[in-house]
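The values are calculated or read from the model by the stated rules, or taken from the named source; none is laboratory data. For clarity, every value in this text was computed on a predicted model and none was experimentally measured. With ideal geometry, Cβ positions are generated from the backbone for all residues, glycine too; neighbour counts draw on all protein chains shown. The protein model used for the area step is the full one, side chains on, heavy atoms only, and it has no ligands, DNA or RNA in it. Shrake-Rupley method; radii C 1.70, N 1.55, O 1.52, S 1.80 Å.
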Amino acid sequence: MSRQLIAAGNWKMNTNYEEGIALASAIAENAKDPKCLVVLAPPFTSLAGVSQAIKGNPNVKLAAQNCHEKEKGAYTGEISIDMLIPLGVEYVILGHSERREYNKESNALLATKTDLVLSKGLTPIFCCGESLDIRNAGNHIDFVANQLKESLFHLDAEAFGKIVIAYEPIWAIGTGVTASPQQAQEMQAAIRGLFADQYGAEVADATTILYGGSVKPANAEELFANPDVDGGLVGGASLNAEGFTAIINAF
Ligand code: PGA
């Protein structure tokens with residue numbers, strides 16, 4: 001079993017153009033020989049600058065935090081996938097819980113976005129995760145399974161095999177409360193089991209499943225040590241080059 005390990009930084013609505021370039025340059029400088037692939041998701045306005053800053057380091061890739069589900073048209077203020085590709089974007093985060101909540105993105109809409117991103121040859125980083133209420137009710141595994149089924153299980157095995165998954169329990173995002181290594185492993189093993197049932201063990205074994213939610217230098221190593229945790233999608237701690245480098249080196 002060998003799958004791609006990834007440390008992804010989701011900068012969210014942080015960093016201006018210059019700050020983005022400085023942060024990306026420092027990370028690219030530090031990530032000379034990592035055990036994982038490094039993926040940076042700056043705001044749209046910094047993509048072009050970050051793209052230049054990481055050029056020449058094949059270990060560092062560029063991601064968008066979202067894209068529109070249509071290829072073009074009268075959608076004021078939106079960004080299409082075809083605008084991202086010439087900037088060197090290779091990954092697109094889809095279904096982040098903040099977009100599900102604030103932008104009312106549904107499982108059905110995310111299925112459409114997934115199809116579009118795959119059709120253009122880019123890699124979706126597909127996020128899933130439950131709220132604290134759902135976990136406390138004991139329904140977290142069913143809830144996450146349903147998110148994945150409704151958005152991804154229309155894909156054939158070949159298309160599905162190109163996706164990266166990020167399990168991000170909502171109660172752990174930006175709260176400082178991290179899922180325990182056992183909680184992350186339990187869910188991510190269940191997710192892989194679900195994929196094995198649908199697509200077979202070979203596809204499931206090859207799928208990269210990241211954990212996200214208050215990953216920090218202090219907890220990355222114990223999270224990444226789990227057999228079904230193939231890296232992290234990191235928010236707050238990815239905004240500091242030194243801290244994110246420590247996370248990159250936690251594998
Ligand atoms: P956090 O965010 O690391 O700040 O909790 C993770 C994410 O939302 O991707």
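For this structure, a couple of remarks:
- Long-range Cα-Cα pairs in the chain (distance over 24 Å), rounded percent: 42
- Amide H contacts under 5 Å for ALA166, placed H, 5+ residues apart: PHE126, CYS127, CYS128, LEU210
- Amide H within-cut-off set for VAL234, under 5 Å, with H built and near neighbours excluded: ALA8, GLY9, ASN10
- The range 107-182 and the range 10-62: distance between their alpha carbon centers, rounded to Å: 24
- FRET efficiency, 1/(1 + (r/R0)^6) with R0 25 Å, evaluated for ALA108 and ASN136 via beta carbons: 0.40
- DSSP-defined antiparallel bridges as percent of all bridges, the chain, nearest 5: 0
- Highest average packing first - 104-112, 21-29, 131-139, Cβ atoms within 10 Å: 21-29, 104-112, 131-139
- Counting charges near ALA28 (Lys, Arg +1; Asp, Glu -1) among other residues having Cβ under 11 Å from its Cβ returns a value of +2.
- 3J(HN,Hα) along the range 153-160, derived from phi through the Karplus expression 6.51 cos²θ - 1.76 cosθ + 1.60 where θ = phi - 60°, amounts to 7, 7, 6, 7, 4, 5, 5, 4 Hz, with x in place of Gly and Pro.
- Cα principal axis extents for the range 53-117, largest first, Å: 38, 26, 20
- Total formal charge among the other residues, if their Cβ is under 15 angstrom from that of VAL229, Lys/Arg +1 and Asp/Glu -1: -3
- GNM flexibility winner over the chain from SER119, SER46, SER238 (Cα, springs under 10 Å): SER119
- Between amide H atoms placed 1.01 Å from N, distances below 5 Å from THR175 occur with SER214, all of them 5 or more places distant or on a separate chain.
- Expressed as a whole percent, the accessible surface of the range 6-248 that belongs to carbon and sulfur atoms is 52, based on a 1.4 Å probe.
- Note on the range 1-82: percent of Cα-Cα distances in each 5 Å bin, starting at 0 and stopping at the bin with the largest distance, equals 3, 15, 24, 21, 16, 11, 7, 3, 1, 0.
- Highest mean first, the peptides 34-43, 48-57 sorted by other C-beta atoms within 10 Å per residue fall in the order 34-43, 48-57.
- Other residues with beta-carbon under 14 Å from the beta-carbon of GLU78 carry, at +1 per Lys or Arg and -1 per Asp or Glu, a net charge of 0.
- Volume in Å³ per residue [convex hull over Cα atoms, computed for the range 128-251]: 98
- The solvent-accessible area of GLU78, taken with every protein chain present and a 1.4 Å probe, is close to 80 Å².
- Residue among GLY200, GLY73, GLY129 with the largest mean-square fluctuation in a Gaussian network model of the chain, springs linking Cα atoms under 10 Å: GLY73
- Proximal aspartates and glutamates relative to LYS70, as straight alpha-carbon distance under 16 Å, when same-chain residues fewer than 8 apart are discounted: GLU78, ASP82, GLU105, ASP115
- Anisotropy class of the range 198-251 from Cα gyration tensor, a/c 1.5 cut: prolate
- Each residue of the range 113-128 was assigned a 3J(HN,Hα) from its phi angle through the Karplus curve 6.51 cos²θ - 1.76 cosθ + 1.60 (θ = phi - 60°); the sequence is 5, 4, 4, 5, 4, 5, 5, 9, x, 9, 9, x, 9, 8, 8, 9 Hz, with glycine and proline shown as x.
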